[in-house]
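Working notes, structure below.
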Amino acid sequence: MLIPNTTIWHTRVQNVDSLLTAAGPQGTEVYRLATVCQVGLEPPLVSISPNPEYPICSLIDKAGYFGLNLMAESQTAIVQRCYGMPRHHPDKAALLGLRVEHTDRGTPLLLECVQSLEVRVEQAWNSGDHRTYIGEVVVRQPRGLAQERSHRFGGRTPAARRLLKRIVCQSGAYDLLFRIRHRHRPPLTIEQGTRQHVPSAASEASPHSPPSQ
Amino acid sequence: MGLPTIVSPYLATAVLDGGVGLLTSAARGRINVMTASFFAESSHLPVLLRVAVAPGTLTHELVSESGWFGLSVLCKGQEEWALGCGSGSGREIPKFDRWGIDYDLTSNGVPLLRDALTTSECRVVARVPLKDHTLFVGEIVASFTQTRRSFRDPLLVSELRTYVGAPMMTAPC
């Protein structure tokens, strides 16, 4: 049975977690990112969409470079701690206990992850309530965790929970629950449901303004 | 039906790990599905995602013409669809039929898959030409989860590589 998705997170387009890094005046800025994808093969281009309310965007705009660090399955604790960090802490890498190295252009890259990329920004524009960057990979450095699996968005589901969910889904109980629920309360649209989770963004969303049409 | 023996350049040379999906499109009575791994969320509000498509593909032509596309996220167990729809052109192969992929057309003419992990209908709100791809930014106007598959994790590029025995691309540059 197909059931309506009522938030953008239900679409499952967010798949793996990365940590975005940029050099700040007093340390290394870090931002957890699940909105990354490749957008070109030759040369390799990548795209990210961080929230411009965070200081990392102005640092990237100023430097013209950013670091993209793909996290490993075993690094859940670090990824989760990124949620609770004070937004304006001057050295988030130090706060998280992350070791970094700097490229020739001063871009900080994490030493412990699957791989680190240094990316040169080619285009940037505000897209809804996020800011989209397109950049070319100029440094690609595999790290010690290169043989590990990627860190899935939201972390790995525990085996017992997965088994329970499988039983509920395949038995039809999940479908029945949704039918009953939606009979009494029609599902929200994806825009309405997402808005409930990002109320502050709703009033501050900027118009979509890509560089070209 | 055998799987293609040629590994897509996307699988062979991708520098990032990420989800694998099927991009669907239709225009002027033509319909197509192709594998996509160059996609991500762009914005919460409005609800936007972006997907990069190579010019010259039938999908590029159909999305450009219709202004709509569907993006269906695949899960583990759907590797054959990912590999099958990622090789060969929709101009030569009726891929929905060849790979037995069921779909329904929305009122906007977008094919949405019945049996992917999730399937979303998107209206193109911007297109950005890049070096060897075009980035289509789409607003999600409707999206669905297949409950029979919802306990599964999305299929990743790295898992597809493992499935076909391709090496991981971890060489420094």
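Taking the range B:14-57, which residues are more than 7 Å from every other protein chain (Cβ to nearest Cβ) and of a type in the set (Gly, Ala, Ser)?
B:Gly21, B:Ser25, B:Ala26, B:Ala27, B:Gly29, B:Ala36, B:Ser37, B:Ala54, B:Gly56
Only residues that are touching a residue at least 60 places away in the same chain (Cβ under 8 Å) and not aromatic (Phe, Trp, Tyr): list them for the range B:91-117, please.
Hits for the range B:91-117 are B:Lys95, B:Arg98, B:Ile101, B:Leu105, B:Gly109, B:Val110, B:Pro111, B:Leu112, B:Leu113, B:Ala116.
Out of everything in the range A:7-33 that is buried (at least 21 other Cβ atoms within 10 Å of the Cβ) and among the small types (Gly, Ala, Ser), what residue ends up being nearest to A:Gly154 (Cα to Cα)?
Only one residue fits best here, namely A:Ser18.
Just checking, how many residues over the range A:10-25 are out of contact with any Pro (no Cβ under 8 Å at 6 or more places or on another chain) and either free of Cβ contacts under 8 Å to residues at least 12 places away in the same chain or more than 13 Å from chain B (Cβ to nearest Cβ) (or both)? Reasoning before the result, please.
Just the residues of the range A:10-25 that are out of contact with any Pro (no Cβ under 8 Å at 6 or more places or on another chain), to begin with: A:10-11, A:13-14, A:16-19.
Next cut, either free of Cβ contacts under 8 Å to residues at least 12 places away in the same chain or more than 13 Å from chain B (Cβ to nearest Cβ) (or both) only: A:13, A:19.
Qualifying residue count for the region: 2.
Checking the structure you have, find out if any residue of the range A:96-109 is within 14 Å of another protein chain (Cβ to nearest Cβ) and in contact with a His (Cβ under 9 Å, 6 or more places away or on another chain).
Taking the range A:96-109 and keeping what is within 14 Å of another protein chain (Cβ to nearest Cβ), we get A:101, A:103, A:109.
Filter once more, so that each one left must be in contact with a His (Cβ under 9 Å, 6 or more places away or on another chain): A:109.
Within the range A:96-109, one or more residues are within 14 Å of another protein chain (Cβ to nearest Cβ) and in contact with a His (Cβ under 9 Å, 6 or more places away or on another chain).
Select, from A:Ile56, A:Ile60, A:Ile134, the only residue that is at pLDDT 95 or above, hydrophobic (A, V, I, L, M, F, W, C) and out of contact with any Phe, Trp or Tyr (no Cβ under 7 Å at 6 or more places or on another chain).
Details: A:Ile56 fails: out of contact with any Phe, Trp or Tyr (no Cβ under 7 Å at 6 or more places or on another chain); A:Ile60 fails: out of contact with any Phe, Trp or Tyr (no Cβ under 7 Å at 6 or more places or on another chain).
Residue meeting the stated conditions: A:Ile134.
Take the conditions touching a helix residue (DSSP H, G or I) at 6+ places or on another chain (Cβ under 8 Å) and more than 9 Å from every other protein chain (Cβ to nearest Cβ) and apply them to A:Thr28. Does it pass? Before you say what the answer is, go through the steps one by one.
Details: touching a helix residue (DSSP H, G or I) at 6+ places or on another chain (Cβ under 8 Å): yes; more than 9 Å from every other protein chain (Cβ to nearest Cβ): yes.
Considered against the rule, which asks whether it is touching a helix residue (DSSP H, G or I) at 6+ places or on another chain (Cβ under 8 Å) and more than 9 Å from every other protein chain (Cβ to nearest Cβ), A:Thr28 comes out as yes.
Restrict the check to the range B:64-73 and report whether at least one residue is within 14 Å of another protein chain (Cβ to nearest Cβ), surrounded by fewer than 20 Cβ atoms within 10 Å (Cβ to Cβ), of a type in the set (Asp, Glu) and out of contact with any His (no Cβ under 8 Å at 6 or more places or on another chain). Full working, then the answer.
The first filter runs over the range B:64-73 and keeps only residues within 14 Å of another protein chain (Cβ to nearest Cβ), leaving B:64, B:67, B:69-73.
Subsequent filtering for residues that are surrounded by fewer than 20 Cβ atoms within 10 Å (Cβ to Cβ) retains B:64, B:67.
In the following step, the residues that additionally are of a type in the set (Asp, Glu) were identified as none.
There is no residue in the range B:64-73 that is within 14 Å of another protein chain (Cβ to nearest Cβ), surrounded by fewer than 20 Cβ atoms within 10 Å (Cβ to Cβ), of a type in the set (Asp, Glu) and out of contact with any His (no Cβ under 8 Å at 6 or more places or on another chain).
For the range B:40-58, which positions are of a type in the set (Ser, Thr, Tyr), surrounded by 24 or more Cβ atoms within 10 Å (Cβ to Cβ) and within 23 Å of B:Phe96 (Cα to Cα)?
Looking only at the range B:40-58, we keep the residues that are of a type in the set (Ser, Thr, Tyr), and these are B:42-43, B:57.
Remaining after also requiring surrounded by 24 or more Cβ atoms within 10 Å (Cβ to Cβ): B:42-43.
Listed by number, the list is empty, since nothing qualifies.
On the given criteria, is B:Gly77 small (Gly, Ala, Ser), part of a loop (DSSP other than H, G, I, E, B) and touching a helix residue (DSSP H, G or I) at 6+ places or on another chain (Cβ under 7 Å)?
Numbers: small (Gly, Ala, Ser): yes; part of a loop (DSSP other than H, G, I, E, B): yes; touching a helix residue (DSSP H, G or I) at 6+ places or on another chain (Cβ under 7 Å): no.
Taking the combined requirement at face value, the residue does not satisfy it.
Every residue in the range A:56-107 that is in a loop (DSSP other than H, G, I, E, B) and either touching a strand residue (DSSP E or B) at 6+ places or on another chain (Cβ under 6 Å) or touching a residue at least 40 places away in the same chain (Cβ under 8 Å) (or both), please. Let's see the steps before the verdict.
From the range A:56-107, those in a loop (DSSP other than H, G, I, E, B) are A:64, A:71, A:84-91, A:97-99, A:103-107; that's our starting set.
Correct list: A:Gly64, A:Met71, A:Met85, A:Pro90, A:Asp91, A:Leu98, A:Thr103, A:Arg105, A:Gly106, A:Thr107.
Could you list, in sequence order, the residues of the range B:138-157 that are over 14 Å from the mean Cα position of the chain (by Cα), in a strand (DSSP E or B), surrounded by 20 or more Cβ atoms within 10 Å (Cβ to Cβ) and not polar (S, T, N, Q)?
Start the filter on the range B:138-157 by keeping residues that are over 14 Å from the mean Cα position of the chain (by Cα), which leaves B:139-153.
If we keep only those that are in a strand (DSSP E or B) as well, we get B:139-146.
Adding the requirement that they be surrounded by 20 or more Cβ atoms within 10 Å (Cβ to Cβ) leaves B:139-140, B:143-146.
Hits for the range B:138-157 are B:Glu139, B:Ile140, B:Phe144.
I'm told A:Glu204 meets every condition in (1) within 10 Å of chain B (Cβ to nearest Cβ); (2) under 21 Å from the mean Cα position of the chain (by Cα); (3) modelled with pLDDT of 90 or more except one. Can you identify the failing condition by its number?
All conditions are met except number (3).
The values are calculated or read from the model by the stated rules, or taken from the named source; none is laboratory data. Source: prediction; values computed, not measured. Backbone-built Cβ (ideal geometry, glycine too); neighbour counts: all protein chains shown.
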